[in-house]
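Just so it is clear, none of the values below were taken in a lab; they were calculated from the coordinates. Treat the numbers as computed from the prediction; the structure is a model and nothing was measured. So basically every Cβ, Gly included, is an ideal-geometry build from the backbone, and we count neighbours across all protein chains shown.
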Amino acid sequence: MKDKLKQIREKALASIESSEGLNGLNDVRVAFLGKKGELTAVLKGMKDVSPEERPLVGQMVNETRAAIEQKLEETKKKMEALELEHKLKKEVIDVTLPAKKNRVGHGHPNTIALEEVERIFVGMGYEVVEGPEVEYDYYNFEALNIPANHPAKDEQDTFYINDKIVLRTQTSPVQVRVMEQGKLPIRMIAPGRVFRADEVDATHSPSFHQIEGLVIDKGVTFADLKGTLQEFAKELFGPETKVKFRPHHFPFTEPSAEVDVTCFKCGGKGCRFCKGEGWIEILGCGMVHPHVLEMSGIDPKEYSGFAFGVGLERIALLKYEIDDMRLLYENDDRFLKQF
Ligand SMILES: [Zn+2]
């Protein structure tokens, strides 16, 4: 019995020494001290020991158990310390490493240009109004004095949804919708996406943006139109900017004009940017055609007004000196983050 206990003790201590990890250690505990463990088996055999020897053997069993438990506990502590150390090493943070930078987004050149234009007109008392991109043929053409057989309809080469519905080719239908409501006077700009069946190149896109303006009140004259656009050009391109009105034709205005501004690069002397002209075309405008007023239920004898339309991309391209419109739509991060 004594030899047996000695043997168990040596075997247990050796197993503890060679055990791997906390799980291995637990296996050793179960193998010797568990219900079916080797030391427990010895205890069960106590009934065969003579009564005189029992106290001595009992004491030896207790000593063996204590020795094994003590060794188990020591080893467990060592292993836990090692594990903690290992974990700390693995999770170490090098505070001297450069931090990961969160990239902050910003406005698209179109958005920046639009906000600038809106700021100027809101400052002059205009309201910003939006309308549907999918529009009735009536609002897009007819109500703007463009009848079914008018060449302008061909020219614009519209995307038709069906006979009566189109993707709007201009934001002017928003103006018609506002005029129809009959709340006068009107002082509004209508920015938004418009569509034409154009091939994509450096200056064309099937989808782009327009900002159209409309003013209707009693006694509005061409002088008001000129003054307004002069002010707009100065605000947008600088206080030295001059404007020039060239006669033109639009179906919904009469008289109509195209507006050039002095080149903001050379001040009008002529340079590469303005192709030696000294002037840059920026928008179209005119006095609202009496027929357009009539169709929207406004009496042209009492009221008059002016309208203008400018391409948002045109403003963005000029303002940021971008030479290819496609850059605005390609979403190339390297391009966009310059603004
Ligand atoms: Zn120039």
Taking H as built 1.01 Å from N, whose amide H comes closer than 5 Å to the amide H of residue 298, not counting residues under 5 places away? none
Go through segment 264-275 residue by residue and turn each phi into a ³J(HN,Hα) via Karplus (6.51, -1.76, 1.60, θ = phi - 60°); whole Hz please, and just put x for glycine and proline. 7, 8, 10, x, x, 6, x, 8, 5, 4, 9, 6
Separation in nanometres of the label points that stand 7 Å from Cα toward Cβ, at residue 164 and residue 277: 4.2 nm
May I ask you to order 157-163, 185-191, 325-331 by the average number of other C-beta atoms within 10 Å around their residues, highest value first? 185-191, 325-331, 157-163
Given H placed on each backbone N at 1.01 Å, which residues far from residue 282 in sequence or on other chains put an amide H within less than 5 Å of it? 259, 260, 261
Tell me, how many Å apart are the Cα centres for segment 192-233 and for segment 75-113? 52 Å
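Over the Cα atoms of segment 2-90, Rg to Rh with Kirkwood Rh, two decimal places? Please report the intermediate quantities before stating the final value.
Working: Rg = 15.7 Å, Rh = 14.1 Å.
Over the Cα atoms of segment 2-90, Rg/Rh equals 1.11.
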Hydrodynamic calc, the chain: Kirkwood Rh from Cα pairs, then Stokes-Einstein at 25 °C with viscosity 0.890 mPa s, so D in µm² s⁻¹ is 91 µm²/s
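Counting DSSP beta bridges in the chain, what percent are antiparallel, to the nearest 5?
Details: 42 of 44 bridges.
Taking every DSSP beta bridge with both residues in the chain, the antiparallel ones total about 95 percent.
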Using only helices, what value at 222 nm comes out for the chain when you add -39,500 (n - 2.57) per DSSP H run of length 4 or more and divide by the total residues, to the nearest 500 deg cm²/dmol? -13000 deg cm²/dmol
Mind listing the phi-derived Karplus ³J(HN,Hα) values for segment 203-209, rounded to whole Hz, using 6.51, -1.76 and 1.60 with θ = phi - 60°, and x for any glycine or proline? 10, 10, 8, x, 9, 8, 10
If you fit an axis through the alpha-carbon atoms of helix 109-123 and take the longest principal axis of the Cα set of the chain, what angle between them do you get, 0 to 90°, nearest 10? 50 degrees
Ranked output for segments 71-78, 254-261 by mean other Cβ atoms within 10 Å, highest leading, reads 254-261, 71-78
For the cross-link pairs 234/275; 234/319; 2/44; 6/44; 2/76, which exceed 19 Å when the distance is taken from alpha carbon to alpha carbon? 234/275; 2/76
Report, by chain and number, residues whose modeled amide H sits under 5 Å from the one on residue 253, excluding near sequence neighbours (fewer than 5 apart, same chain). 289
Residue-wise, which Karplus ³J(HN,Hα) couplings in Hz belong to segment 244-261, taking 6.51 cos²θ - 1.76 cosθ + 1.60, θ = phi - 60°, and x for glycine or proline? 9, 9, 10, x, 8, 10, 10, x, 9, 10, 7, x, 10, 8, 9, 10, 10, 10
